[in-house]
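Data block below; observations after.
What follows is calculated from the coordinates using simple rules that are stated; it is not laboratory data. Bear in mind that the values here come from a model prediction, so they are computed numbers and not experimental data. All Cβ positions, even for glycine, are placed from backbone atoms using ideal geometry, and neighbour counts span all protein chains on display.
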Amino acid sequence: MRTISILGATGSIGKSTLELVERNSGAFSVTSVTAATNAEALADIARRTKAKLAVVADEGRLSDLQQRLTGSDCRAAAGEAALVEAASDDSELVIAAIVGCAGLRPVMAAVEAGKTVALANKEALVTAGALMIDAAQASGATLLPVDSEHNAIFQCLAGNCRKDVSRIILTASGGPFRTASAEAIDAATPAQAVAHPKWSMGAKISVDSATLMNKGLELIEAHYLFGLPSSQLDVVIHPQSVVHSMVEFVDGSVLAQLGSPDMRIPIAYALAWPERMATPAERLDLATIGQLEFAAPDLKRFPALRLAREALETGGAAPIVLNAANEVAVASFLAGQIRFPDIARLVDEALSDAKFDIPHSIGDVLEIDRVTRDQTCGMMKTSCS
Ligand code: NAD
Ligand code: MG
């Protein structure tokens with residue numbers, strides 16, 4: 001029986017994790033579950049899984065959560081300290097599926113506790129990658145990437161020596177605007193941007209897939225996870241989303257991981273690692289798919305990818321600024337306050353204006369994040385939440 005804590009249990013990754021855990025209920029025991037605000041859904045999950053601790057980030061929802069858990073063996077708690085407690089409880093495996101920088105302190109707590117961490121929260125590596133990797137080395141924590149591309153790379157590296165890797169090739173579906181004209185992209189609506197052709201995901205990451213910022217964040221994520229410089233990290237557009245990423249070795253061999261585009265596959269890999277477990281994911285039928293296409297990304301129509309690579313190469317605070325400005329801009333776009341091309345424009349301006357020292361702690365990272373959010377809000381003429 002593997003004990004697990006699920007941070008972000010009410011989200012897209014959290015729900016898929018719960019589905020897999022509930023299908024294999026003899027193999028897993030859930031200790032803690034967390035959510036941002038939805039006390040009703042969290043209480044339901046806590047009762048179903050028989051978790052010992054349920055944490056809602058919003059302290060104003062605590063009494064609602066307590067009432068809903070009355071009569072159960074599950075303790076209700078709220079706030080950041082309680083999220084950290086859920087991340088460092090006595091579970092073996094922590095599923096880190098909170099979205100955004102809100103996940104930073106909980107992920108760091110799990111890493112410092114020396115846990116095995118199934119990491120979906122890409123912002124943790126993008127903004128605090130060096131700190132997280134150092135902390136994992138110090139504590140002996142194991143990071144299992146859940147992001148499908150990094151999970152694919154992790155699988156391709158198994159049994160190989162890291163020194164023999166010459167290049168990592170991340171695949172990108174190209175998002176809903178892959179073939180759209182620059183004019184059509186300029187006029188894109190939130191509904192069009194979140195309608196991802198291949199993956200079903202949360203709204204923020206879906207917009208990031210439409211701008212290709214998601215692939216840019218993944219370049220930074222790959223840099224920290226696999227210890228390679230920007231020059232050894234490539235991106236190729238692959239609309240079928242069947243090849244989830246590739247690793248090229250010094251002898252010219254390229255290993256790829258394939259599968260249907262279903263996050264339950266990488267989540268299951270992390271849940272069962274170092275073994276594997278069955279999933280209900282659709283089996284890959286290459287004869288029916290027929291063709292797999294690949295193309296170079298168009299950095300003119302999708303400038304966010306170029307900005308992310310520049311931030312990776314600049315290093316220091318630049319990835320934090322990139323991520324924070326992007327989060328604010330995406331939220332404003334989803335709220336109908338700015339246009340689609342304004343997202344990359346605001347990120348570009350934030351990076352040009354940024355003057356920060358190299359962060360040495362999660363506190364430093366969160367401060368750079370906060371200041372950048374305020375500055376990005378200030379750049380917009382509309383209000384900003
Ligand atoms: P989501 O928005 O569906 O769910 C986010 C979860 O985090 C929810 O449980 C929510 O309650 C919680 N949360 C949100 N704000 C919070 C806060 N301030 N404090 C505490 N908890 C908070 O997002 P998702 O699509 O499940 O993505 C989760 C993470 O995984 C993201 O970092 C995303 O980039 C990454 N990821 C997701 C996918 C995917 O297919 N969904 C793929 C790769 C990586
Ligand atoms: Mg991904």
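Summary of computed values
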{"quantity": "Alpha-carbon gyration tensor eigenvalues x 5, square-rooted, for segment 2-145, Å", "calculated": "24, 16, 13"}
{"quantity": "At most 15 other Cβ within 10 Å, DSSP loop - trypsin sites (Lys or Arg not before Pro), segment 1-101", "calculated": "Lys50"}
{"quantity": "Inter-part distance where segment 199-253 and segment 1-69 are each reduced to a Cα centre, Å", "calculated": "30"}
{"quantity": "Orphan Cys of the chain, criterion: no other Cys C-beta under 4.7 Å", "calculated": "Cys74, Cys101, Cys156, Cys161"}
{"quantity": "Rule-of-thumb Rg ratio for segment 224-272 [Cα; 2.2 N^0.38 Å; N residues]", "calculated": "1.33"}
{"quantity": "DSSP-assigned coil residues among trypsin sites (Lys or Arg not before Pro) in segment 326-381, each with at most 10 further Cβ atoms within 10 Å", "calculated": "Lys355, Lys381"}
{"quantity": "Stokes-Einstein D for the chain, Kirkwood Rh over Cα pairs, 10 °C, 1.306 mPa s (µm²/s)", "calculated": "75"}
{"quantity": "Tensor-based shape of segment 68-201 (alpha-carbon gyration tensor, a/c under 1.5 rounded, otherwise prolate or oblate)", "calculated": "oblate"}
{"quantity": "Kyte-Doolittle mean at least 0.5, axial Cα span of 20 Å or more - DSSP H helices of the chain", "calculated": "122-139, 318-334"}
{"quantity": "Förster radius 22 Å - calculated FRET efficiency between Ala138 and Glu59 (Cβ-Cβ, nearest 0.05)", "calculated": "0.10"}
{"quantity": "Burial order of peptide ranges 99-109, 212-222 (average beta-carbon count within 10 Å, highest first)", "calculated": "212-222, 99-109"}
{"quantity": "Percent of Cα-Cα distances greater than 22 Å, calculated over segment 292-385", "calculated": "30"}
{"quantity": "DSSP-defined antiparallel bridges as percent of all bridges, the chain, nearest 5", "calculated": "25"}
